[in-house]
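Following: one structure in structure tokens, then a few remarks.
The numbers here are math on the coordinates, done by the rules we state, and not lab data. In this text, all values refer to a predicted model and were calculated from it rather than measured experimentally. Neighbour counts run over all protein chains shown; Cβ positions are idealised from the backbone, glycine included.
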Amino acid sequence: MKRREFFKKGSISAVAATVVPINANASSSSNHGDLGKRKSDKWQQLATGKMGIPVRKKELNFDVAVLGGGMAGICAAISAARNGSKTVLVQDRPVLGGNASSEVRVHVHGVTHLKNGIPERETGIIEEVLLHNRFNNPQESYPVWDHVIYDFVTREPNLTLMLNTQALEAKMQGDKIKSARCWQMTTETEYTIFADVFVDCSGDGLLAATSGALYRTGREGKAEYNEKYAPDEPDGWQMGATILLSSKDMGRPMPFEAPSFTLKYEAEEAHKRRKLKHFSEGIWWVEVGSEGDIIAEFEENRHKLMGYAYGLWDYMKNSGKFPETENYALDWVCSLPGRRESRRFIGDYIMSEGDMLGYKHFKDTVAYGGWSLDEHNPGGIENLSEPPSYFHEHFNKVYEIPFRSLYSANVPNLLFAGRNISQTHIALSSSRVMATCSTMGMAVGTAAALCVKKNVLPRELSNDYIEELQEQLLRDDAFIPNRPAVDTNNLAKNVADIFASSTGSGDVKLLTDGVSRDFEGEIHHWKSDGLPAQIQMEWEDPVDVSKVEIKCDTNVNKNIMMLKSSPSNDTFTNTVPIELLKSISLDLRIEGEWRSINSIKKNKTRLIKFHFDSMKTTAIRLKIKETYGAKDAKLFELRCYS
Amino acid sequence: MQQKLRQYKINVSHPAFEEEKYREYVLNERVEEDGSLIYCLDVESVICIDHICKIVPVRMYWNHLGQYKHFLLEEGIILEKGKGEPFSDEDYLMLHSILEDQNSPYRNVTYSQITKEKVLGEGELDAISGATAVMLSSENTIEGAAWTCFTLWHWANGNVVQKIRKVSGAYWSEKELLEFAMSEDYQVINYVIEVLMRRKNYSPRVIESVVASTLSNQLYCMKMTISYLESAPDSLYEKYMMQLYIQSNSNFRIRLLQSIQAHIDLFRTFQPLITRISELIDYQEIDLILEIFGDVNTHSEAISEEVFSLLNHENNLIQRRAYWFLSKRKLTVNKQSELEDFYSINKDWL
């Protein structure tokens with residue numbers, strides 16, 4: 001029996017995890033083997049004269065454990081920590097970022113462009129990370145980007161980062177995950193991480209799989225979800241991993257001799273869409289998929305990918321058909337293939353092609369996407385005659401992602417974000433891009449923290465507190481399409497008057513309408529007419545205020561992620577957005593006198609927060625002095641809290 | 001018959017220029033039979049980097065305000081759409097109406113949207129040269145000719161407009177400018193003010209004329225007039241700002257007050273602000289006036305008297321503002337007592 005058929009059960013192919021355990025005679029619920037015990041260690045310590053056995057077992061306790069430090073996991077961990085949970089982020093590599101890191105160097109796409117060519121860029125934590133990179137890595141170095149992310153994560157209070165650490169196994173208590181058994185390879189230490197809520201953002205989802213969470217692999221057939229782009233019958237094909245490479249012009253002829261593991265590139269068989277124009281930045285279709293156990297095949301496929309990547313380079317250098325490569329030499333080749341697909345866990349809702357193409361509105365929307373249905377052909381480069389991707393369809397507008405697709409249907413304290421969420425293969429072909437995964441990550445991290453705060457599990461949060469989750473996300477500058485904020489705690493909604501020193505476009509009264517970007521042709525902004533500018537809000541009765549939060553413009557119709565080609569045009573920037581507010585100050589009026597509360601001279605975020613000791617006031621005044629280049633300031637939202 | 005007057009070398013930018021920001025062109029200036037000035041420039045129908053599209057020379061015409069008037073093609077030259085299809089008569093008319101429309105969607109369409117470098121794969125950019133995937137309704141474009149429309153629209157309404165205004169502005173006498181200033185067209189008035197500022201002309205009759213024109217076109221001319229007066233000699237600024245304030249409507253008084261506050265040292269008196277304050281209903285305007293009075297720090301009883309009347313205003317915000325303003329001033333014994341009474345009754349919301 002073929003391995004894929006083993007997993008097929010009737011018309012709905014949900015599979016309980018029957019993963020071959022790490023040790024031969026163990027089950028997922030018992031302690032099979034102890035990686036941390038070192039009974040036979042014969043350590044002679046010359047410094048102290050002692051013989052000893054090192055302690056290589058530790059237990060840690062957190063509210064929320066996030067496994068997987070790619071972009072989704074980073075956003076999940078940060079949002080959980082910021083929302084009050086003691087959080088750990090466990091990453092099995094020496095760097096953060098996953099496929100976005102210097103190890104793989106895939107671009108952080110999201111809604112990079114809709115069909116009309118215009119981006120609908122993600123805000124919230126992912127934007128903060130990308131802005132942090134623009135400020136601290138103007139040279140656009142990938143290794144430096146790794147450390148930009150490292151800085152972003154390690155500076156966060158309430159958050160512990162563990163690198164070089166993999167979650168190997170879930171330890172259960174009933175149907176809930178009690179702890180994650182982890183191995184930190186650099187310290188030879190077994191960690192047992194206890195948490196109330198677990199968030200698996202690791203892509204392959206080993207922790208989730210070992211917890212017994214239902215998942216599936218392969219491609220659904222057309223009939224199951226009525227997906228026009230699905231195959232007629234279900235099969236095991238999963239999109240593959242890719243090895244990227246980059247080359248540079250050395251200014252002189254650079255001969256190339258292919259290494260021993262090279263696999264010849266059969267150019268005559270290649271589909272015409274296998275383009276080589278941007279060879280200096282890598283060829284994304286050097287990909288090997290699988291219709292079997294793509295995780296088990298990873299090392300074999302990695303070796304093949306190395307062969308194919310070098311084979312393609314050999315073809316460009318030595319076929320005689322690319323004279324422009326004469327002076328080019330490889331300056332970086334990825335050693336860790338960037339993965340696209342393996343396990344997809346089952347939630348209370350399985351998102352499918354129709355939800356996306358039909359732009360379905362969900363009551364529990366917490367994230368969104370808009371990348372095309374970018375399904376790669378089965379087999380990847382081993383299926384040369386097919387186009388590398390079908391690009392089935394582009395989206396006219398963004399689609400919504402529901403919260404019910406982000407938690408496990410059968411492991412009650414497990415959430416997930418990234419490529420492993422509850423969706424069909426076709427849906428994955430769009431939502432797998434990292435900025436979209438980041439919106440999911442921010443949602444589940446926030447949800448995890450709310451679960452801890454309210455002592456509930458994700459399903460209960462979904463049933464009873466979804467509006468609260470959405471309101472928190474909106475306040476934290478996540479964008480939820482078709483869902484204006486209605487936060488009744490926002491004092492700015494009850495002002496008696498709000499006015500600005502000048503108005504170039506929009507209206508200052510729109511700053512409390514609950515939508516923090518211009519969207520689908522409707523404006524939701526106020527823009528000044530020149531700078532400096534002021535906004536003033538007045539209340540009928542005095543109010544206690546301790547927080548003023550503003551959302552300024554960063555131009556969400558322009559991408560800010562790092563691209564190897566470093567474009568700068570109307571839809572991409574390679575600098576700090578000029579629209580971003582740089583200098584702003586806040587005054588409160590107390591007993592008729594304006595008092596200066598705080599002044600920010602070098603703001604670096606779209607969401608600007610003034611938090612201070614509570615004061616009774618009848619008015620606030622914002623003085624906007626400068627942007628990073630734009631001559632006017634544009635704001636989308638103003639909030640005040642007691 | 002048009003009489004050729006002058007030629008000017010100008011450096012012009014266009015959003016389709018990829019390699020350089022500016023290119024040099026020759027702007028021709030001619031006088032029409034009715035004495036008006038007309039400008040023309042020979043341009044390319046498309047700016048095409050990969051030589052796929054057919055490029056034809058087009059002569060474009062503007063008036064002295066830099067407003068596009070029409071275009072001409074040489075005899076035998078035609079414009080073409082995609083796949084070589086020639087423009088129909090309707091297409092030419094449509095193109096003209098697109099170029100005339102200063103608010104055409106082409107204002108916001110960008111060059112790369114026209115040429116459409118699309119991100120197809122993960123990191124791969126795949127240029128689709130010549131094809132246009134911009135989504136414009138049929139009322140706003142010519143199907144198959146978006147690139148031509150884009151290129152010519154930005155010629156008609158782009159950077160060359162300011163160049164023309166600068167060139168034409170040097171041509172007129174003061175008398176002619178004052179005749180223009182009597183126009184009902186705000187664009188003409190703003191043009192005149194622009195020229196006067198460039199010439200640093202602040203003669204009394206000129207300013208009077210500008211102020212009069214502005215008062216009948218406040219919505220579109222106030223901003224330009226304030227800039228003009230701010231660059232005038234101090235005494236003239238003071239005199240005419242107050243004159244404008246007295247005669248303007250509410251929206252523009254706030255702009256004027258902002259300018260006054262920024263140049264507060266130039267004012268010897270604020271009488272016009274004092275006498276009007278009790279009639280005002282707009283909180284922002286009153287707030288601004290009281291800030292000005294506070295900045296001036298005068299102990300004028302007249303001010304206190306007028307502000308006292310605001311304690312009975314129907315708008316509570318204004319009452320409160322007035323209270324706190326008066327609480328910091330030296331008042332007569334009676335007025336002080338009256339203020340304290342006001343406080344005792346209203347302190348919960350003050």
Amide H neighbours of A:Val515 under 5 Å, at least 5 residues apart or on other chains, H built in the peptide plane: list them. A:Ala485
Would you pull out the residues with amide H under 5 Å of A:Gly236's amide H, same chain only if 5 or more places away, H placed 1.01 Å from N? A:Arg219
Taking Lys and Arg as +1 and Asp and Glu as -1, residues besides A:Arg155 with C-beta under 13 Å from its C-beta add up to -1
If you rank B:Asp89, A:Asp518, A:Asp249 by fewest surrounding Cβ atoms within 10 Å, what's the result? B:Asp89, A:Asp249, A:Asp518
Mind checking the angle between helix B:160-169 and chain B's longest principal axis? C-alpha axes, 0 to 90 degrees, to the nearest 10. 70 degrees
By count of other Cβ within 10 Å, fewest leading, how are A:Thr217, A:Thr446 ordered? A:Thr217, A:Thr446
Calculated from DSSP helices alone, with each H run of at least 4 adding -39500 (n - 2.57) and the total divided by the residues of the protein assembly as shown, [θ]222 nm to the nearest 500 comes to -8500 deg cm²/dmol
May I ask which of A:Lys115/A:Lys275; A:Lys360/A:Lys509; A:Lys634/B:Lys223; A:Lys601/B:Lys166; A:Lys509/B:Lys166; A:Lys558/A:Lys616 have a Cα-Cα span longer than 28 Å here? A:Lys360/A:Lys509; A:Lys601/B:Lys166; A:Lys509/B:Lys166; A:Lys558/A:Lys616
One quarter of the convex hull surface, Cα atoms only: what value does that give for region B:153-243 in nm²? 6.0 nm²
Reachable lysines from A:Lys86, criterion Cα separation under 26 angstrom, eight or more residues apart if same chain: A:Lys57, A:Lys58, A:Lys171, A:Lys176, A:Lys178, A:Lys453, A:Lys454, A:Lys547, A:Lys604, A:Lys609
Looks like region A:109-250, by Cα gyration tensor root eigenvalues a ≥ b ≥ c and the a/c under 1.5 rounded cutoff (else prolate when a/b is bigger than b/c, oblate otherwise), is oblate
10 Å Cβ neighbours from other chains, averaged over peptide B:61-67: 0
For A:Lys264, go through the aspartates and glutamates and keep the ones whose alpha-carbon is under 13 Å away, minus same-chain ones fewer than eight residues off. A:Asp314, A:Glu382
May I ask you to work out the translational diffusion coefficient for region A:451-594 at 4 °C, viscosity 1.567 mPa s, via Stokes-Einstein with Rh from the Kirkwood sum over Cα pairs, reported in whole µm²/s? 72 µm²/s
Compute the distance from the alpha-carbon center of region A:30-94 to that of region A:459-519, in whole Å. 40 Å
Compute the acute angle (0 to 90°) between the alpha-carbon long axis of helix B:186-199 and the principal axis of greatest extent of the alpha-carbon atoms of chain B; round to the nearest 10°. 80 degrees
List the trypsin sites (Lys or Arg not before Pro) within region B:138-216 that fall in a DSSP loop (any state other than H, G, I, E or B) and whose Cβ has at most 12 other Cβ atoms within 10 Å. B:Lys200
Give, in nm to one decimal, the length gained when the segment between A:Ile53 and A:Lys616 is fully stretched (0.36 nm per residue of separation minus the Cα-Cα distance). 196.5 nm
Calculated from backbone phi, Karplus (6.51, -1.76, 1.60) coupling profile of region A:283-290 in Hz, x at Gly/Pro: 10, 6, 8, 7, 9, 10, x, 7
Each label point is 7 Å from the Cα along the Cα-to-Cβ direction; what then is the distance between the points at A:Glu324 and B:Asp185, in nm? 5.0 nm
For region A:234-323, report the convex hull volume of the alpha-carbon atoms normalised per residue, in Å³, without decimals. 113 Å³
Fewest-first sequence of B:Val188, A:Val545, B:Val333 by Cβ atoms within 10 Å of each Cβ: B:Val333, B:Val188, A:Val545
At a temperature of 37 °C and a viscosity of 0.692 mPa s, determine how fast region A:388-503 diffuses translationally according to Stokes-Einstein, using the Kirkwood radius over alpha-carbon pairs as Rh; express D in µm²/s, rounded to the nearest whole number. 202 µm²/s
Helix by helix, which DSSP H runs in chain A go 15 Å or more along their axis at the Cα atoms and have an average Kyte-Doolittle hydropathy of 0.0 or more? A:71-82, A:125-136, A:142-154, A:434-454
What does the net charge come to around B:Phe87 if you take all other residues with beta carbon closer than 10 Å to its beta carbon, with K and R at +1 and D and E at -1? -4
Would you compute, for the Cα atoms of chain A, the largest minus smallest coordinate along each principal axis and list the three values in descending order, in whole Å? 79, 64, 62
Non-local amide H neighbours of A:Glu540 (under 5 Å, H modeled in plane, Pro and chain starts lacking H): which ones? A:Ala496
Can you report the principal axis dimensions of chain B using only the alpha carbons, biggest first, rounded to whole angstrom? 90, 59, 34
Note, region A:168-176: 3J(HN,Hα) by Karplus (6.51, -1.76, 1.60, θ = phi - 60°), whole Hz, Gly/Pro = x, goes 9, 7, 8, 9, 9, 10, x, 9, 9
Rounded to the angstrom and largest first, Cα extents along the principal axes for region A:57-143 equal 52, 27, 24
Give, as a single signed number, the net charge of other residues whose beta carbon lies under 14 Å from the beta carbon of A:Ser385, with Lys and Arg counted +1 and Asp and Glu -1. -2
Please list 3J(HN,Hα) in residue order for region B:221-231, calculated via the Karplus relation 6.51 cos²θ - 1.76 cosθ + 1.60 where θ = phi - 60°; whole Hz, with x for glycine and proline. 10, 4, 4, 5, 5, 4, 4, 4, 5, 5, 8
Take the alpha carbon atoms of region A:104-153, find their center, do the same for region B:183-203, and report the distance between the two centers in whole angstrom. 48 Å
